[in-house]
Amino acid sequence: MRANSLALRLFLSATAWTVVILLVTGFVLSGLYRQAVERAFDRRLSVYLKTLIADVASPEIPNEKAGQTLGEPMFELPLSGWYWQVTRLDGSKAERHSSRSLWDSNLPRLEDMRVETGSDGLRRSYAQGPEEQRLRLVERTIDLGDEGKYLVSVGGDAAEIDDEILSFDRALAVTFAVLAAVLLLTTMFQVRFGLAPLKRISDSLAAIRSGNAERLQGNFPVEIASLARETNALIDANREIVERARTHVGNLAHALKTPISVMVNEAAARPGDPLASKVAEQTNIMRDQVTRHLERARLAARVAVVGTVTDVVPVVHALARTMEKTHHGKDVAVQIDMPPEARFRGERQDLEEMVGNLVDNAFKWASARVAIEVGLEQPEPNRPVVRIVVDDDGPGLTPAERQQVARRGRRLDETKPGSGLGLSIVVELAALYGGELNLSNAPIGGLRAELVLPAA
């Protein structure tokens, strides 16, 4: 995917939303699991707490014997992380009984830590125990009337909670990583599948541009079908406009040439009249300008047609045979080298006019040899060009002369037939197609004319 592609934008946006959703979901699930583990741990502590309260409230069990019915060996191991403590609150001197595991330490009071009492009368929170252990504490205050008021506390090692949550988080991370990979692959497939119709439209437009098709064909999704219809309508409208332009140009040419011809004939009928001579001079200039601009309009209209393609090989061979017959008095050998797949993205008569002028000039000035070479290149992505090189072994041109001959009407040798418009027409016509004409010295000694045109 390219950096500025629509597919990359869709993939990155889907990836970003996937990551955000998975992260939020992971945090929520981790938080809910933590709450569930804490509730389960608190229920376990609450069972021990109720057993302690029952022991304290039983007249048959002295306070110093409380906790012996818990049945949990961890309360007997020193600093095991599991502790209980019973503190009498109403005496002049505080009485405290605790598990053996607590040793000579005391459990912190959640009441002093300003922990709120729950609806069930219990306080629950984390606190720091002996040896800087992190404990989960549950405590309750009970009032037995004349028998006293007590604070009963039970604590357990919070490492069990942390280990459970850590194990869950690891499993959740692995699961979500696999899920993210699957979702990203699915997203990539969906993006490619969803944008496939656009690729089909692009290929169809390329086929139209290269002359292999005239319209967009095929079934497209509803969202893109309207685009295909409008594109076809645009192609049809373009062809209609070009055809109308051709008709108008033809009508204009006919309308202008007739009065100009009348003026030329009337001026020619008065050979000695200065006014007639001036009219003839200006009329010829007018006719030349009209012809030039009408020709440019005709060429521009033709170039605007979408999907016109011409094979280069038959055109070049036909022009070479024609020039050999036209210049039969000269013993000129023609060498042609070109690939059979060379195709020009334009009309045949335009290619004939451009290459014909170049080959005709080469035959006019060549001493004994003319070389025509055609090559296909792609200097820029998706912009192939066909390069037509015509060399001769004639006298060649200096750099200053090469600049002059491309101008309209300039001829360096008046003994040669022609109007001097050939190369200028080639330059103008090539420019209309987005191409160019370059003149240089040929390896065989004469002039090299290098014509670059768009390829199909």
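All of the numbers you see were taken from the coordinates with simple rules; none came from a lab. Because the structure is a prediction, the values reported are computed rather than measured. Using ideal geometry, Cβ is built from the backbone for each residue, glycine included, and neighbour counts are taken over all protein chains shown.
Under the simplified labelling scheme, the D104-A400 pair shows an inter-label distance of 11.7 nm, with each label point 7 Å from Cα along Cα→Cβ.
About its Cα centre, the dipole of the chain is roughly 2220 debye, where the only charges are +1 on Lys and Arg Cβ and -1 on Asp and Glu Cβ.
Once the C-beta distance of R215 and T326 is scaled by a Förster radius of 41 Å, the resulting FRET efficiency is 0.50 to the nearest 0.05. Can you give the angle from 0 to 90° between the axis of helix 348-365 and the longest principal axis of the chain, with both taken from C-alpha atoms, to the nearest 10? Roughly 50 degrees between the two axes. Between region 343-369 and region 93-141, the alpha-carbon centres lie 104 Å apart. For R369, nonlocal amide neighbours, meaning residues 5 or more places apart or on other chains whose placed amide H falls under 5 Å from its own, are A333, D393.
Counting only Cα atoms, the chain measures 153, 48, 41 Å along its principal axes, largest extent leading. Taking 15 Å as the straight-line reach from the Cα of K330, the aspartates and glutamates in range (excluding those fewer than 8 positions away in the same chain) are D360, D392, D393.
Could you rank the peptides 331-338, 148-155 by their average count of other C-beta atoms within 10 Å per residue, with the highest value first?
In descending order of packing, they fall as 148-155, 331-338.
Packing order of peptides 172-181, 156-165, highest average first: 156-165, 172-181 (average count of other Cβ atoms within 10 Å over each peptide's residues).
Helical runs assigned H by DSSP (4 residues or longer) give the chain a calculated mean residue ellipticity at 222 nm of -18000 deg cm²/dmol, each run adding -39500 (n - 2.57) before division by the residue total.
Using the per-residue mean of other Cβ atoms lying within 10 Å as a proxy for protection, in what order, highest first, do the peptides 430-441, 225-236, 357-368 fall?
In decreasing order of mean packing, 430-441, 225-236, 357-368 become 357-368, 430-441, 225-236.
The C-alpha atoms of the chain define a longest principal axis, and helix 159-209 lies at about 20 degrees to it. Structural descriptor for the chain: relative contact order 10 percent, calculated from alpha carbon pairs under 8 angstrom and at least 6 residues apart.
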